[in-house]
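Shown next, in structure tokens, is the structure this report addresses.
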Amino acid sequence: MKESGDGHFEFVFSWLEQGSSEGWTTHYRAKEQPPSPEMQSVLEFLGLCTSEQCIDFNFEPCRWRHVRRDTRGDAFLGNNNKVHGWFDAHPEHFASGIEDLLRAEKLLRPFGLGFLQASTSNSGPVRIPKAPAGRRHSGTKEDAEHYEVAISFAGTERERAEELALCLRDRGVNVFYDAFFGAQLWGKNLAEFFDDIYRRRARYCVMFVSEAYRDRMWTTHERRSAIARSVEQRDEYILPIVVEQADLSGLAPTLGYVSAHELTIEEIAEMVVKKLAASTAPGK
């Protein structure tokens, strides 16, 4: 009956009659295959059924949901307009709704309230958050291959990390902060992607040091990549911001740092800008 899509999914709307039952089926297929475990867990949470061979997608796998025709209240139209309206809203709202669910999962999990089965079995954070409303990234080089600064942090420090990312972006710095790149991260192999960011594609790595940063799986992965880069570079690369005193494996205790309790985020952002300017000055 209808087809549509967005940057991440294709949608097909069909009419199905089987015996005395009739209604509409919406078919969903992710454009990037196979979908990530986090994506699979959201689709399961939404109650979407699985078809291994979907006729509407050339017998490739898809997800689907069926709504039976209901003529109560209107024997002619029934729930026809309502169901068509649901389908027509998919291109604008479906992907953003999934991003909101992933963001909610990440926020709730520290309190034992995670609701996505696949991701709650993984101690690392869900790394596909949506930037808060009104704070969409429109920086200088959003799709650039290299960044002047990459921010590494535990979820407990997201508020500070986001404030720093926004301050740097407002000063024209090309910054990698995960919430600015929700669409780009969606469906990627995040272990490989973050290793590439923190080991190859940033001029500096700003690291929020805390006990949570020391103990969590994803931050350990990012830290190892950043340390490998600093060893290869033999130059200043990791810029620590200490939130809590914590010994980080592989990070020299003599490395110069700033304190999150002695300086404001804006002051730290100014220091980063000066660091970048010094590193690009003639003779550097």
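A few points about this structure:
- For residue 55 and residue 257, the difference between the fully extended length at 0.36 nm per residue and the C-alpha to C-alpha distance is 66.9 nm.
- Within the accessible area of the range 149-241, the carbon and sulfur atoms contribute 43%, probe 1.4 Å, all protein chains present.
- Cut-off 13 Å between beta-carbons: net charge of the residues surrounding residue 213, Lys and Arg +1, Asp and Glu -1: 0
- Inverse of mean 1/r across different Cα pairs in the range 175-233, Kirkwood, Å: 12.1
- The heavy atoms of residue 16 offer some 80 square angstrom of accessible surface to a 1.4 angstrom probe.
- Rounded accessible area per residue of the chain, 1.4 Å, Å²: 53
- Per DSSP, loop chymotrypsin sites (Phe, Trp or Tyr not before Pro) in the range 1-60 with at most 11 further Cβ within 10 Å: 59
- Inter-label distance for residue 46 and residue 84, nm, one decimal - labels placed 7 Å from Cα along Cα-to-Cβ: 2.2
- In plain terms, the chain is cut at each of the GluC sites (Glu not before Pro) found in a DSSP loop with at most 15 other Cβ atoms within 10 Å, and the longest leftover piece is 33-141.
- Modelled label reach - residue 159, point 7 Å along Cα→Cβ, the range 223-253 residues with backbone N closer than 16 Å: 243-244
- Ligands, DNA and RNA excluded, the heavy atoms of residue 6 present near 20 Å² of accessible surface to a 1.4 Å solvent probe.
- Net charge of the neighbourhood of residue 187, taken over other residues with C-beta under 10 Å away and scored Lys/Arg +1, Asp/Glu -1, is 0.
- As a rough guide to protection, the peptides 195-203, 83-91 ranked by mean Cβ packing within 10 Å, highest first, stand as 195-203, 83-91.
- On full extension, the segment bounded by residue 4 and residue 232 gains 77.3 nm, given 0.36 nm per residue less the C-alpha separation.
- Global geometry of the range 156-284, whether rounded, prolate or oblate, following the gyration tensor of its Cα atoms and the 1.5 cut on a/c: rounded
- Rg ratio (alpha-carbon, reference 2.2 N^0.38 Å) - the chain: 1.23
- Among the trypsin sites (Lys or Arg not before Pro) in the range 1-84, those placed in a DSSP loop whose Cβ has at most 10 other Cβ atoms within 10 Å are 72.
The values are calculated or read from the model by the stated rules, or taken from the named source; none is laboratory data. If you're wondering where the values come from, they're calculated on a predicted model, not measured in any experiment. All Cβ positions, even for glycine, are placed from backbone atoms using ideal geometry, and neighbour counts span all protein chains on display. Protein only, heavy atoms only, side chains kept; ligands, DNA and RNA dropped before computing areas. Shrake-Rupley method; radii C 1.70, N 1.55, O 1.52, S 1.80 Å.
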